[in-house]
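This report concerns only the one structure given below.
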Amino acid sequence: MKEKILMKVICDDREPKNLDAIAKSIGIELIRERLLTGDYVRNDVCIERKTIDDFCASIIDGRLDSQMERMNKAYNHIYVLVSGSISSRQSTIHENSVLGKMASILVKHGVSTIVVDNDTQLLYLMKRIFERHNELKELEVKDG
């Protein structure tokens with residue numbers, strides 16, 4: 001039986017190790033390296049992964065905008081993927097502030113923020129984003 005080929009994705013070495021097994025189960029091989037910005041990179045696409053509570057903390061301490069600026073300088077396509085529902089957050093920050101920040105990131109930095117239930121969904125979505133960008137790149141080359 002032929003072994004399944006895994007999509008290789010560079011992953012910041014500070015990301016939780018338990019994500020490796022989840023990633024592998026859906027066809028992703030995480031190559032751990034120290035990244036200057038972002039958490040997952042493939043070609044010119046960068047994804048910042050946050051738990052809902054980390055996203056809230058990033059709003060409160062103001063680091064989210066500087067992260068978006070660094071990612072925009074380094075990569076052509078960037079996304080923020082948030083694991084955990086807004087209503088499940090432990091932070092006292094109001095739900096409207098969370099939604100407002102997502103709108104601000106989209107308008108100010110051109111970065112989509114997508115919220116999913118858990119890390120399995122997040123990694124699957126990440127894989128699909130990388131696949132879609134690859135398909136677009138292949139079409140551009142073909143239409144050249």
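If you go through region 60-77 and keep only what is without any contact (Cβ under 8 Å) to a residue 24 or more places away in the chain and of a type in the set (S, T, N, Q), you end up with just Ser66. Residues of region 105-119 that are assigned to a helix (DSSP H, G or I) and either closer than 11 Å to Ile78 by Cβ or in contact with a helix residue (DSSP H, G or I) (Cβ under 8 Å, 6 or more places away or on another chain) (or both): Ile105, Lys108, His109, Asp119. Residues in region 123-139 that are loosely packed, with under 13 Cβ neighbours inside 10 Å and basic (Lys, Arg): 2 in all. As a summary of the residue check, Met102 satisfies the conditions (1) modelled with pLDDT under 95; (2) under 21 Å from Gln121 (Cβ atoms); (3) not acidic (Asp, Glu) except for the one numbered (1).
Within the option set Asp119, Asp39, being at pLDDT 95 or above, within 24 Å of Leu6 (Cβ to Cβ) and touching an Asp or Glu at 6+ places or on another chain (Cβ under 9 Å) holds for one residue only, Asp39.
Determine whether Ile31 is surrounded by fewer than 19 Cβ atoms within 10 Å (Cβ to Cβ), in contact with a Cys (Cβ under 9 Å, 6 or more places away or on another chain) and free of Cβ contacts under 8 Å to residues at least 24 places away in the same chain. Can you show your working first?
On the way: surrounded by fewer than 19 Cβ atoms within 10 Å (Cβ to Cβ): yes; in contact with a Cys (Cβ under 9 Å, 6 or more places away or on another chain): yes; free of Cβ contacts under 8 Å to residues at least 24 places away in the same chain: yes.
So Ile31 passes the test.
Within this structure, Gln90 fails the test of being polar (S, T, N, Q) and assigned to a helix (DSSP H, G or I). One residue is enough: does region 62-82 have a residue meeting the conditions exposed (fewer than 13 other Cβ atoms within 10 Å of the Cβ) and assigned to a loop (DSSP other than H, G, I, E, B)? Checked against the condition, which is being exposed (fewer than 13 other Cβ atoms within 10 Å of the Cβ) and assigned to a loop (DSSP other than H, G, I, E, B), region 62-82 yields at least one hit. With respect to the conditions (1) touching a Ser or Thr at 6+ places or on another chain (Cβ under 9 Å); (2) among the polar types (S, T, N, Q); (3) at pLDDT below 95, Asn134 lacks only one, and its number is (1).
Tallying residues that are in contact (Cβ under 8 Å) with a residue 40 or more places away in the chain and crowded, with 17+ Cβ neighbours inside 10 Å within region 44-59 yields 7.
The values are calculated or read from the model by the stated rules, or taken from the named source; none is laboratory data. Every value quoted in this text rests on a predicted model; they were computed, and no experiment measured them. In this analysis, Cβ positions are derived from the backbone assuming ideal geometry, glycine residues included, and neighbour counts consider all displayed protein chains.
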